[in-house]
Amino acid sequence: MKDLLIREVLARGQELEGKEVEACGWVHRIRDLGALRFLVLRDKSGTLQAVFKRGETPQEVLSRALELREESVVCVKGSLRRAPTREGYEISARDLRLLSAPVEPLPLEVPDSPKATLPTRLKYRWLDVRNPKVSAIFKLKGWIAGKFREHFSSLQFTEIFTPKIVATGTESGADVFPVLYFGKTVYLAQSPQFYKQMAVIAGLERVFEVGPVFRAEPHHTVRHLNEYHSLDIEVGFIESYNDVMDLVEGFFRRLAQDLHEVRELLEEHGAEPLQVPERVPRLTMRQAYEVLAEYGKRVQYGEDLDPEGERLLGSYARERYKSDLIFVTEYPWKVRPFYTMRKEEEPAWTYGFDLLMRGLEVVTGGQREHRYERLRQNLREKGLREEDFSFYLEFFKHGAPPHGGAGMGLERITMQMLGLQNIREARLLPRDTERVTP
RNA sequence: GCCGCGGUAGUAUAGCCUGGACCAGUAUGCGGGCCUGUCAAGCCCGUGACCCGGGUUCAAAUCCCGGCCGCGGCGCCA
């Protein structure tokens with residue numbers, strides 16, 4: 001492995017000045033002035049200019065430098081010195097190792113790859129992601145997932161790993177992908193829902209999972225993927241679903257507080273830091289109808305929000321509370337899955353909530369129904385067959401604490417954090433209705 | 001699933017409505033040349049494209065039909 005990333009070389013610039021250093025990476029740009037040739041070297045951490053100059057660089061090395069093409073992989077050795085470059089330093093090259101050269105012209109220009117259309121970028125993703133603005137997306141995404149693990153681990157949650165091959169399809173109406181499994185048809189998990197609940201009931205009490213989920217809906221939008229990563233939590237012994245919202249809110253507050261750690265990733269995208277106020281507004285669905293009415297948007301009483309409604313509530317949160325986040329609570333029973341706990345006194349409404357981030361739904365959660373008979377009744381009312389969920393019902397026969405949880409869309413959070421126009425940008429290799437390669 | 005929009009060099013686009021001066025323009029890349037301080041380096045020369053099939057017409061990148069592919073809105077959801 002190479003000794004130093006470019007960033008580390010630059011950070012130790014004073015100490016390394018005048019000394020021989022080696023930097024390895026891709027040839028980002030070539031500025032050829034004849035007997036003077038500048039290479040901008042790029043690695044995952046940054047860029048650094050190398051100079052090949054007649055009279056300074058050995059002739060043999062200089063002539064090899066003249067053969068180089070962009071996106072070649074090279075190591076340049078030479079002395080580090082101050083220079084009026086963007087980085088403040090440059091390498092005066094004395095040696096050059098060519099590790100790999102392109103065998104054909106590049107289908108995508110790396111420094112400009114965000115200007116290409118998304119299909120082209122995704123087709124040549126290994127080139128696209130070489131662009132620092134693009135790799136920033138995945139660095140941030142990884143950072144968010146890391147924060148999630150760190151945050152909930154510190155609250156005594158246990159990380160779990162549930163099956164992605166499952167026997168039962170529908171739990172929230174979303175279509176599932178069938179898989180041939182030893183001659184039987186099974187499905188790809190659309191959510192860890194049942195199993196994270198089982199883990200709580202199994203005595204783990206507080207659990208979280210970071211894992212893929214699969215949705216077989218043929219949607220054509222900029223905010224849906226057929227495969228994405230879900231950040232799930234589930235926790236026992238809650239008093240109400242407010243406990244769950246507190247946990248979700250705490251996580252987002254943590255993200256906002258620690259965002260300075262990844263400031264430059266946001267800057268790549270010109271993104272504003274996440275605004276999380278002292279208390280994130282919590283609006284019941286019925287209150288949301290009224291707010292939307294003030295914005296001139298009518299939503300049928302007892303119906304779900306549409307994307308326009310969500311966007312308007314996002315504006316409302318920003319204008320009224322200076323908040324990028326807003327909870328919508330007490331969702332109608334008719335639009336929530338059977339395992340959601342209903343309000344005792346108003347069974348048409350539930351203890352289910354969504355969290356909107358900058359006008360897009362990024363989290364869904366709520367209190368779950370833990371009472372066996374109520375659960376059976378909910379199934380019946382949803383018109384679902386008890387035998388299809390018998391394995392799930394079993395969990396509740398031997399002592400299940402009141403519990404609740406939430407699922408958060410990692411790509412959606414990343415997308416909203418950076419202001420991306422299409423969720424596919426937040427997935428290294430997105431799967432949608434047509435795309436299964438690369 | 002319903003609806004709308006689109007497919008021009010490697011990439012990104014102009015041209016299409018109002019068919020002919022378009023053997024298709026521009027930028028960038030690519031190939032060649034000049035240049036010892038560039039930093040989106042510059043300058044000169046060159047290279048390379050109308051998705052497929054059918055139709056209308058004297059004439060189709062342009063109009064019509066079908067196919068394939070792509071994009072987006074809604075539904076559904078994270």
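The values are calculated or read from the model by the stated rules, or taken from the named source; none is laboratory data. Note that the coordinates shown come from a computational prediction; the quantities given were computed from them, not determined experimentally. For neighbour counting, all protein chains shown are included, and Cβ atoms are generated from backbone atoms with ideal geometry for every residue, glycine included. SASA here: full protein model, heavy atoms, side chains in, ligands and nucleic acids out. Shrake-Rupley method; radii C 1.70, N 1.55, O 1.52, S 1.80 Å.
Amide H contacts for residue A:159 (H built 1.01 Å from N in the peptide plane; partners 5 or more residues away or on another chain; cut-off under 5 Å): A:208. Within the set of other residues whose C-beta is less than 13 Å from the C-beta of residue A:235, count the net charge using Lys and Arg as +1 and Asp and Glu as -1. Summing Lys/Arg as +1 and Asp/Glu as -1 gives -4. Relative to the dominant Cα principal axis of chain A, helix A:132-154 is inclined by about 50°. Heavy atoms of the protein chains alone define the surface here; on that basis segment A:127-426 has 44 Å² accessible area per residue at 1.4 Å probe size.
Rounded to the nearest 10 degrees, the inclination of helix A:285-294 to the longest alpha-carbon principal axis of chain A is 70 degrees. The alpha carbon centroids of segment A:366-388 and segment A:36-105 are separated by 66 Å. Shown is the FRET efficiency for residue A:304 and residue A:216, computed with R0 = 22 Å from the Cβ-Cβ distance and rounded to the nearest 0.05: 0.60. Classification of chain A by its C-alpha gyration tensor yields a prolate form. The axis ratio a/c (a ≥ b ≥ c) is 1.5 or more, and a/b outweighs b/c. In terms of the mean number of neighbouring beta-carbon atoms within 10 Å, the peptides A:286-298, A:418-430 order highest first as A:418-430, A:286-298.
Under the simplified labelling scheme, the residue A:321-residue A:86 pair shows an inter-label distance of 3.9 nm, with each label point 7 Å from Cα along Cα→Cβ. Give me the percent of DSSP beta bridges within segment A:127-426 that run antiparallel, rounded to the nearest 5. Given both bridge residues lie in segment A:127-426, the antiparallel proportion sits at roughly 90 percent. Simple point charges give the picture: +1 on the Cβ of Lys and Arg, -1 on the Cβ of Asp and Glu, and for chain A a dipole about the Cα centre of about 980 debye.
I need the shape label for segment A:194-264. Rule: rounded when a/c is under 1.5, else prolate if a/b > b/c, else oblate, with a, b, c from the alpha carbon gyration tensor. Because a/c hits 1.5 or more and a/b fails to exceed b/c, segment A:194-264 counts as oblate. For chain A, the residue among A:73, A:120, A:317 whose Cα projects farthest onto the positive side of the dipole built from Cβ charges is A:73.
The stretch between residue A:343 and residue A:145, if pulled fully straight at 0.36 nm per residue, gains 68.0 nm over its current Cα-Cα span. Placing pseudo-labels 7 Å out from each Cα toward the beta carbon at residue A:437 and residue A:63 gives an inter-label distance of 4.3 nm.
Residues whose amide H lies under 5 Å from that of residue A:89, counting only those 5 or more places away or on a different chain, are A:83; hydrogens are built 1.01 Å from N in the peptide plane. Using 0.36 nm per residue and subtracting the Cα-Cα separation, the extra length available between residue A:237 and residue A:180 on full extension is 16.7 nm. Identify which of A:156, A:190, A:59 has the largest mean-square fluctuation in a Gaussian network model of chain A, with springs joining Cα atoms closer than 10 Å. With Cα springs under 10 Å in chain A, the top fluctuation among A:156, A:190, A:59 is at A:59. Ordered by 1.4 Å accessible area with all protein chains kept, A:28, A:398 run largest first as A:398, A:28.
Within the accessible surface of segment A:122-201, defined with a 1.4 Å probe on protein heavy atoms only, the carbon and sulfur portion equals 61 percent.
Looking at segment A:178-230, the chymotrypsin sites (Phe, Trp or Tyr not before Pro) that sit in a DSSP loop and have at most 13 other Cβ atoms within 10 Å of their own Cβ are A:182. For chain A, the longest principal axis of the C-alpha atoms and the axis of helix A:241-258 are separated by about 10°. At what distance in nm do the modelled label points of residue A:8 and residue A:123 sit from each other, each positioned 7 Å from its Cα along Cα→Cβ? Label at residue A:8, label at residue A:123, 3.8 nm between them. What fraction of the DSSP beta bridges in segment A:1-95 is antiparallel, stated in percent and rounded to the nearest 5? Around 85 percent antiparallel, to the nearest 5. Projecting the Cα positions of A:38, A:379, A:204 onto the charge dipole of chain A (unit charges on Cβ atoms of Lys, Arg, Asp and Glu, taken about the Cα centre) puts A:38 furthest along the positive direction. Need one word for segment A:141-255: rounded, prolate or oblate. Basis is the Cα gyration tensor (sqrt eigenvalues a ≥ b ≥ c); a/c below 1.5 gives rounded, then a/b vs b/c decides. Note, shape of segment A:141-255 comes out prolate. Simple rule: put +1 on each Lys or Arg Cβ and -1 on each Asp or Glu Cβ in chain A, find the dipole, and look at A:363, A:417, A:351; the Cα lying farthest toward the positive end is A:417.
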